[in-house]
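S.K.: I'd like to ask some things about the structure below.
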Amino acid sequence: MDTEADLFYRQLPKVELHAHLNGSVSFETMETLIKRKPHLNIEHSMTAIRRGQRRTLDECFQVFKVIHQLVDSEEDILMVAKAVIQEFAADGVKYLELRSTPREVTETGLTKQTYIETVLEAIRQCKQEEVDIDVRFLVAVDRRHGPVVAMETVKLAEDFLLSSDGVVVGLDLSGDPTVGHGKDLFSALEKAKNCGLKLALHLSEVSTQRDESELLLNLPPDRIGHGTFLHPEVGGSESLVEKVCKQNIPIEMCLTSNVKGQTVPSYDKHHFQYWYKRGHPCVLCTDDKGVFCTDLSQEYQLAASTFGLTQEAMWMLSQQAIGYTFAPEPIKQRLEKKWAELKQEILQ
Ligand SMILES: CNc1ncnc2c1ncn2[C@@H]1O[C@H](COP(=O)(O)O)[C@@H](O)[C@H]1O
Ligand SMILES: [Zn+2]
C-alpha cells in the first residue's frame, strides 16, 4: 500500500533532465517488444537490473546492446518514445528533456535522420493528445563512435535545432566512459556550442576521467551528468571543483543508477551530499528508469530519506530544477507558475 510519503513524491511536480530514451523503457513496453521479436530469445532479466541487484558499468552497457536489438525500427521508436513520455507524465513530471543516440539500421531502413524525426513525432503526438508534460529533446553523441561520427551528429543536431520549433535544444555526450577520450571530441562539442546547442555532458562518471573533465569544463558544458569523481575525496581535484563552482554548472544526479552501476558504493555515500551541502545546483534524475527499475518520484523519496531532507526542501529542489532546464524563458515562467499553483495543494 502507498504511504503518505509515496503520495507526496508522486504528486510533487517534477523536472526530469537526464533520461536516455532506450534506458527508460518500462517493463510493460519491454514485454510488448519481446513478444514482437521472439526470434531474438530475449528475456526480461537481460533488459533490467532489479531491486537489490548490482552490475558493473560494463554489464550495464551490455544491457543497452540487448535493448537496441529490440528497438530498431521507426515503429518501435514511436511506440517506445510515446510510452516513456506518458510514463513520466503519469509520475508527475511536468517538464522532460529526453535524450537519445540516433542510430542507423539497414535492415529496417532506419536512418539517423528518421530516428530523430520519429522521436519528434512521438513528442508531437503526445502534445496533440494533451499529455500534461512539456518535452524537449537532446541529440546524444556516443563517445564510443569517435570524432567523425560525433561531428556528423552535431551537424544533424544543428539542422534540427533550426527546424524543430524549439523541441531540439541541445546535445548530450554519453556512452561507455571507459572508452575514448574527450580531447578527440572537443572540436565537435565546441562546434555544437557555437551554433547554439546547449551541452549536457556526462563527466567524471568513472575515476579515470580527471584530465578529460579538466579539458571539457573549459567549453564549458551547460550541465554535467553524474560528476561522480569530480571532488578530491574520491580522486578528483580542487581545481575541478573550483571550475564547476565558479561557472555554477548544474549537476544531474542519478542515485539508483550510480549505486546499481557500482560507481558509488551505497546511497549514503552518494556525491549528492557533497554538492548539495555546498548549495551547488543539483537536479535529481533517473538516467535509465527502465534499466534501473526506478522512477523520478522514487529518486526524490530516496534522496529525502537517505539525507534526511524535509518535504519543503524537496519541493525547493524540484522547483530550482526549472532554472536548470534548456527551455526558453517564457516556458520557465510557465513552469514557475504551475509550481506556485500546486504548492498550496500539495505541500501542507
Ligand atoms: C549508466 N550510465 C550511463 N553512462 C553513459 N551513457 C549512458 C548511461 N546510460 C545510458 N547511456 C547511453 O544511452 C544509451 C541508451 O539510450 P539511447 O539509445 O541513446 O536512447 C546507451 O547506449 C549509452 O550510450
Ligand atoms: Zn546518463
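S.K.: Simple spin-label model, 7 Å along Cα-to-Cβ: ARG36 to GLU190 in nm?
M.R.: 4.2
S.K.: Please find the FRET efficiency linking GLN320 to LYS65, where r is the Cβ-Cβ separation and R0 is fixed at 25 Å, and quote it to the nearest 0.05.
M.R.: Working: r = 36 Å, r/R0 = 1.44.
About 0.10, to the nearest 0.05.
S.K.: Using alpha-carbon positions, what is the distance between the centroids of the range 290-334 and the range 147-167, in Å?
M.R.: A separation of 28 Å, based on Cα centres.
S.K.: Next question. With only Lys, Arg, Asp and Glu charged, each at its Cβ (+1 for the first two, -1 for the last two), find how big the charge dipole of the range 33-165 is about the Cα centre; round to the nearest 20 debye. Show your work: numbers first, answer last.
M.R.: Details: 19 positive and 23 negative charges, 132 e Å.
With only Lys, Arg, Asp and Glu charged at Cβ, the dipole is about 640 debye.
S.K.: I'd like the antiparallel share, as a percent to the nearest 5, of DSSP beta bridges with both residues in the chain.
M.R.: Details: 1 of 32 bridges.
Bridges in the chain that DSSP calls antiparallel: roughly 5 percent.
S.K.: Which of the listed residues, SER305, VAL135, LEU240, is farthest toward the dipole's positive end in the chain, when Lys, Arg count +1 and Asp, Glu count -1 at the beta-carbon?
M.R.: LEU240
S.K.: Quick check on my link table: of LYS183/LYS269; LYS155/LYS289; LYS127/LYS289; LYS65/LYS289; LYS198/LYS246; LYS269/LYS337, which ones sit more than 24 Å apart, alpha carbon to alpha carbon? Working shown, then result.
M.R.: Numbers: LYS183/LYS269 30 Å; LYS155/LYS289 29 Å; LYS127/LYS289 22 Å; LYS65/LYS289 16 Å; LYS198/LYS246 18 Å; LYS269/LYS337 35 Å.
Correct reply: LYS183/LYS269; LYS155/LYS289; LYS269/LYS337.
S.K.: What FRET efficiency do you get for ARG144 and THR306 if R0 is 35 Å and r is their Cβ-Cβ distance, rounded to the nearest 0.05?
M.R.: In this case the efficiency is close to 0.60.
S.K.: Using +1 at the Cβ of each Lys and Arg and -1 at the Cβ of each Asp and Glu in the chain, identify which of HIS231, LEU335, ILE249 lies farthest towards the dipole's positive end.
M.R.: Projecting each Cα onto the dipole axis, the largest value belongs to HIS231.
S.K.: If you roll a 1.4 angstrom probe over the protein chains with everything in place, what fraction of the accessible area of the chain belongs to carbon and sulfur, to the nearest %? Provide the component values of the computation, followed by the final result.
M.R.: Values: 7480 of 14980 Å².
Of all accessible area on the chain, carbon and sulfur atoms account for 50 percent.
S.K.: Suppose a student asked you for the relative contact order of the chain, using Cα pairs under 8 Å spaced at least 6 residues apart; what percent would you report?
M.R.: Working: 578 pairs, mean separation 73.1, N = 348.
Relative contact order, the chain: 21 percent.
S.K.: In the range 166-277, what % of DSSP beta bridges are antiparallel (nearest 5)? It would help to have the intermediate numbers written out before the result.
M.R.: Details: 0 of 10 bridges.
Of those bridges, close to 0 percent are antiparallel.
S.K.: Next question. Just grab the label-to-label distance for GLU28 and GLU104, each label 7 Å out from Cα along the Cβ direction, in nm (one decimal).
M.R.: If labels sit at GLU28 and GLU104, their model points lie 3.6 nm apart.
S.K.: As a test of reading the structure, rank LYS94, LYS193, LYS183 by solvent-accessible area (1.4 Å probe, protein chains only), most first.
M.R.: Working: LYS94 35, LYS193 60, LYS183 125 Å².
Largest to smallest exposure gives the sequence LYS183, LYS193, LYS94.
S.K.: Could you give the DSSP H helices of the chain that reach 20 angstrom or more along their long axis (alpha carbon positions) and whose average Kyte-Doolittle hydropathy is no lower than -0.5? Write out the running numbers ahead of the final one.
M.R.: Details: long enough: 57-70 (21 Å, 0.54); 74-90 (24 Å, 0.69); 112-128 (24 Å, -0.66); 146-163 (26 Å, 0.80); 329-346 (25 Å, -1.40).
Those that pass (Cα extent of 20 Å or more, hydropathy at least -0.5) are 57-70, 74-90, 146-163.
S.K.: So, with +1 on the Cβ of K and R and -1 on the Cβ of D and E, and no other charges, what is the size of the charge dipole of the chain about its Cα centre, to the nearest 20 debye? Could the numbers behind the result be given before it?
M.R.: Numbers: 39 positive and 52 negative charges, 102 e Å.
Computed about the Cα centre, the dipole is about 500 debye.
S.K.: Can you give me the accessible area per residue for the range 7-65, using a 1.4 Å probe, in Å²? The partial results should precede the final answer.
M.R.: Working: 2960 Å² over 59 residues.
Value for the range 7-65: 50 Å² per residue.
The values are calculated or read from the model by the stated rules, or taken from the named source; none is laboratory data. These figures come from a predicted structure and were not determined experimentally. Please note: Cβ atoms are built from the backbone with ideal geometry, for glycine as well, and neighbour counts cover all protein chains shown. Note: accessible area is taken over every heavy atom of the protein model, side chains too, but ligands, DNA and RNA are not part of it. Shrake-Rupley method; radii C 1.70, N 1.55, O 1.52, S 1.80 Å.
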